[in-house]
Amino acid sequence: MKLSTKGRYGLKAMFELALHFGKGPLPLKDIAEKQNISEHYLEQLIATLKKDSLVNSVRGAQGGYLLAKEPKNITVGDIIRSLEGSIAPSDCVIEGEAVDCPKGEYCVTRGVWMKIRDSINDVIDSLTLQDMVDEQKNIDGNYMYYI
């Protein structure tokens, strides 16, 4: 299972907003440059994230985008589901959809797909943007400088 660019780039954009949290709105152009994402494509992703109340926009010369909630209150799962939809390795285990399989009630592989889906959901719902920011700070703090 592989996420599309929507999920991958959307998470990168939200991470950039989390790094900038509390410093005011960040222009779309800056997010695109810092995360190496097409500005046009990013506009589409931000529109979806805004619709799902994960980002807010500020108009004007000093405008841009900012997180709608604190980074500790936005999970990776929130972002991925906003942009990708339900996370499921097979169509027969998409949450909220009826199983359209004649063998669904006694299918052993369906049970495997459900366990994979649940494991992925557990991981992405346990990670927040704040966890990512903290990890970046940890990485940045481990550089050795020599004179």
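None of the figures in this text is laboratory data; all of them are computed from the coordinates on show. Please read these numbers as outputs of a predicted model, since none were measured by experiment. Every residue, glycine among them, receives a Cβ derived from its backbone with ideal geometry; neighbour counts consider all protein chains shown.
A full extension of the chain between residue 8 and residue 51 corresponds to an added length of 13.7 nm, given 0.36 nm per residue minus the alpha carbon distance.
Given 0.36 nm per residue, what is the gain on full extension from residue 108 to residue 130 after removing their alpha carbon distance, in nm? Could you put the intermediate results ahead of the total?
Values: separation 22, 0.36 × 22 = 7.92 nm, distance 3.80 nm.
Contour length minus the Cα-Cα distance gives 4.1 nm.
Taking 0.36 nm per residue of separation and subtracting the Cα-Cα distance, full extension of the segment from residue 30 to residue 98 would add 20.2 nm. Cross-link pairs exceeding 21 Å between alpha carbons, from the set 12/34; 50/72; 2/50; 2/51; 72/137; 6/51: 2/50; 2/51.
Listed options for Cα Rg over 2.2 N^0.38 Å are [x] 1.00; [y] 1.25; [z] 1.16. The value calculated from this structure is the one marked [y]. Pairs of Cα atoms nearer than 8 Å and 6+ residues apart set the relative contact order; for segment 5-141 it is 27 percent. Take 63-70, 105-112 and order them by the average number of nearby Cβ atoms within 10 Å per residue, most first; the result is 63-70, 105-112. Hey, if you drop one equal point scatterer on each alpha-carbon of segment 40-125 and run the Debye formula without solvent, what base-10 log of I(q)/I(0) do you get at q = 0.12, 0.18, 0.22, 0.26 Å⁻¹? Taking Cα atoms of segment 40-125 as identical point scatterers yields -0.51, -0.84, -1.04, -1.24.
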